[in-house]
């Protein structure tokens with residue numbers, strides 16, 4: 001090999017070594033950069049609201065739904081012939097039992113009443129005279145009986161005249177409110193024509209139906225809570241009637257709940273939902289919103305230290321905002337009630353709010369978020385018209 005060839009080979013080797021060195025340094029620099037980047041990433045904690053679970057008395061109930069109406073209502077019709085001459089109670093007026101609502105022309109009836117009264121007085125005078133004559137032996141027994149019959153007939157006719165004069169004025173059958181008037185001043189009325197509707201709105205009645213499994217738990221006199229239409233909150237009610245016979249068409253039993261309404265703050269004609277108590281037990285109830293649907297069933301997150309841990313649950317009766325926990329949680333657990341949908345098992349969390357209400361709400365939450373779950377009542381089913389879910 002010539003000296004020139006050796007120099008060329010040595011030069012090539014030096015170039016190769018230089019390139020390898022550059023590659024190694026570049027690789028080391030890249031690894032260091034990746035390590036620095038990885039070390040710069042930090043786990044961000046998720047903000048959550050928790051509820052510390054405590055056992056309490058849980059009341060299981062039935063919920064039934066049905067129309068709400070006045071406990072009494074009457075469509076009043078005319079009983080005599082004649083035009084309407086006065087309207088004493090307009091629509092919306094509160095009336096007392098016996099108060100005149102409207103009156104027909106009673107001038108002819110007044111004349112008949114006066115004539116009947118005069119005839120009664122005449123027959124009473126004649127009877128008194130015949131009795132004296134009979135005692136003196138101047139008239140027979142049959143003449144006395146005829147005088148007594150005539151006097152009785154005259155008294156009856158006078159009583160009929162008074163009654164007809166009275167019933168030509170339509171009166172309230174009970175304390176209530178005039179809700180409809182079907183006639184106007186001067187309108188001619190005949191017997192049987194509807195004239196006025198009066199209801200008793202001071203007590204309302206919810207009518208619904210129970211299944212044969214529900215009816216043994218419901219008794220007259222039981223107190224309950226009733227929600228009316230879309231109105232917020234609930235009002236007290238009392239079971240007033242439970243049918244002993246099932247409806248042949250549905251196989252369900254009618255139940256009636258009376259709702260006091262002394263200040264007329266409640267309106268009839270809406271759909272009401274009554275919670276009828278069943279049993280009361282001691283246990284854990286949690287907000288339904290805290291429960292997630294997992295592959296293995298119901299799941300929730302609890303906070304242990306600074307981490308969220310996933311728990312599988314066995315649930316019991318549920319209704320509205322609350323559900324009973326049969327297993328999977330215990331008193332003292334800190335249940336995640338807000339922010340749980342962004343978590344994974346083991347996620348880092350920061351507890352920013354702690355709820356005191358049993359439904360997991362705070363006083364600052366909108367009213368639609370807060371519900372009856374905080375009362376501790378748990379329903380076993382919804383019965384729109386009495387069915388059980």
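Annotations
- Test result for residue 63, modelled with pLDDT under 90 and either within 30 Å of residue 265 (Cβ to Cβ) or in the same structural domain as residue 289 (by TED's automatic domain parsing) (or both): yes
- Pairing residues of the range 127-141 that are assigned by TED's automatic domain parsing to the domain that holds residue 151 and within 18 Å of residue 152 (Cβ to Cβ) with residues that are modelled with pLDDT under 95 and exposed (fewer than 11 other Cβ atoms within 10 Å of the Cβ), at Cβ distances under 9 Å and at least 6 apart in sequence or on separate chains, gives 134/141.
- Criterion (part of a loop (DSSP other than H, G, I, E, B) and within 30 Å of residue 358 (Cα to Cα)) met by exactly one of 265, 274, 246: 265
- Candidates 48, 71 - the one that is more than 17 Å from residue 181 (Cα to Cα), touching a residue at least 60 places away in the same chain (Cβ under 8 Å) and touching a helix residue (DSSP H, G or I) at 6+ places or on another chain (Cβ under 8 Å): 48
- All positions within the range 299-329 that are part of a strand (DSSP E or B) and in contact with a helix residue (DSSP H, G or I) (Cβ under 6 Å, 6 or more places away or on another chain): 300, 301, 322, 323
- A single member of 288, 311 is modelled with pLDDT of 85 or more, surrounded by 13 or more Cβ atoms within 10 Å (Cβ to Cβ), in contact with a strand residue (DSSP E or B) (Cβ under 8 Å, 6 or more places away or on another chain) and over 30 Å from residue 210 (Cα atoms), and it is 311.
- Cβ-Cβ contacts under 6 Å between residues 6 or more apart (or on different chains), taken from a first residue in the range 341-361 that is on the phi < 0 side of the Ramachandran plot and in the same structural domain as residue 323 (by TED's automatic domain parsing) to a second residue that is crowded, with 20+ Cβ neighbours inside 10 Å and assigned to a loop (DSSP other than H, G, I, E, B), are listed as 359/321.
The values are calculated or read from the model by the stated rules, or taken from the named source; none is laboratory data. Since the model is a prediction, treat every value here as computed from it, not as a measurement. We place every Cβ from the backbone using ideal geometry, glycine too, and count neighbours over all the protein chains shown.
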